[in-house]
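Undergrad: Let me give you the structure first, and then I'll get to my questions.
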Amino acid sequence: MSNKKSLDGKVIVVTGAGRGIGREIALLAAAEGAKVVVNDPGVAADGSGTNAAPAEEVVEEIKKRGGTAVANFESVAEAIPASKIIKQAIDTYGKLDGVVNNAGILRDAIFHRMSVEAFESVIKVHLLGSFYTSHAAARIFREQESGAFVHFTSTSGLIGNFGQANYSAAKLGIVGLSKSIALDMERFNVRSNCVSPFAWSRLIGTIPTETEEEKARVARMQQMGPEKIAPLSVFLLSDAAKDVTGQIFAVRMNEIFLMGQSRPLRSIHRDGGWTPQTIAEHGMPALKSSFYKLDRSADIFSWDAI
């Protein structure tokens, strides 16, 4: 095995890097030779407040370990501040090679009780935030004909979960965004992939623990450290991943999954076309055996992490 660092000479932006998964990605990227822009405005889990300490502490930790990093405190939720994150990478280090869109908040509520503000705020940070930073970086990547995006999705969007319509919609939207970037920018050697993490973080810490089932689920998740997510994310930023684009991966402890993407399951055909009545009588009954159940993430990933 080569001892060469996988990100030697690269400049990487990691959003939401002050805590949890983002912090671990920033630390590992720096350890692998990257100069890192550690972005985090230090908001609470619901997006309120600001605090410079989380980003500054990660930068300090990287420097203690012999790495190079700079803190950034802009919000990804607005276009101009998000573009300043990318600008700081160029202004500080003269280039940009990769962007990790990890920043996020949670505002969980059962759908009929979810406020418009709760829905919009989560969409702005996750989906629009991923667009804003990616859009600012895309022009740079196009000119230099290289670059990598790593976007964070979730099984809440890929599969489903209770009380997370805002988060699920944002996270599935990110999948579409990533695939579109991969398609549009392949000609410029720009890659775009998604990671769906299973890891304990302060956002996951907002999950209710009212029932015994919920308590057991949270206890299992607490065993899954955010450091387990970082290696795949760093790999996807490296030149070793030059042929990997447009994919969705999930990481759970020591497991890495390649997730499916929507494709036709089965079809029905009727000469002369369909009416609402014939669909009810023949069409839907023919398709019904292939319907998806109302599964949640925990129903599909029903075994303990390895």
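Undergrad: Looking at (i) 0.96; (ii) 0.94; (iii) 1.01, which value of Rg/Rh (Cα atoms, Kirkwood Rh) comes from a calculation on the structure shown?
TA: (iii)
Undergrad: Let me ask something additional. Just grab the label-to-label distance for Lys63 and Lys5, each label 7 Å out from Cα along the Cβ direction, in nm (one decimal).
TA: That separation, rounded to one decimal, is 1.6 nm.
Undergrad: If the label point is 7 Å along Cα→Cβ of Phe111, which residues in the stretch 144-160 have backbone nitrogen under 17 Å from it?
TA: 156-160
Undergrad: Go through Asp46, Asp271, Asp97, Asp304 and list them by solvent-accessible area, largest first, probe radius 1.4 Å.
TA: My answer, sorted largest first, is Asp271, Asp304, Asp46, Asp97.
Undergrad: Can I ask one more? Hey, got the dipole for the chain? About the Cα centre, +1 on K and R Cβ, -1 on D and E Cβ, debye to the nearest 20?
TA: Taking the Cα centre of the chain as origin, the dipole is about 460 debye.
Undergrad: Still on this structure: Give the ranking of Val99, Val125 by solvent-accessible surface, highest area first, calculated with a 1.4 Å probe.
TA: Greatest to least solvent exposure: Val125, Val99.
Undergrad: Mean residue ellipticity at 222 nm from the helices of the chain, using -39,500 (n - 2.57) per DSSP H segment of n ≥ 4 over the full residue count, to the nearest 500 deg cm²/dmol?
TA: Mean residue ellipticity at 222 nm (helix-derived): -11000 deg cm²/dmol.
Undergrad: Given a 1.4 Å probe and every protein chain left where it sits, what share in percent of the accessible area of the chain is carbon and sulfur?
TA: 53
Undergrad: Here's something else I'd like to know. So how exposed is Glu61, as accessible area in Å² (1.4 Å probe, rounded to 10)?
TA: About 50 Å², rounded to the nearest 10.
Undergrad: Sticking with this one: Please report the accessible area of Leu27 (heavy atoms, 1.4 Å probe, ligands and nucleic acids excluded) in Å², nearest 10.
TA: Leu27 has an accessible surface of roughly 10 Å² with all protein chains in place.
The values are calculated or read from the model by the stated rules, or taken from the named source; none is laboratory data. Values in this document were obtained by computation on a predicted structure and should not be read as measured data. When we count neighbours, we look across all protein chains shown, and the Cβ atoms used for this are built from the backbone with ideal geometry, even at glycine. We work out accessible area using only protein heavy atoms, side chains counted, and drop any ligands, DNA or RNA first. Shrake-Rupley method; radii C 1.70, N 1.55, O 1.52, S 1.80 Å.
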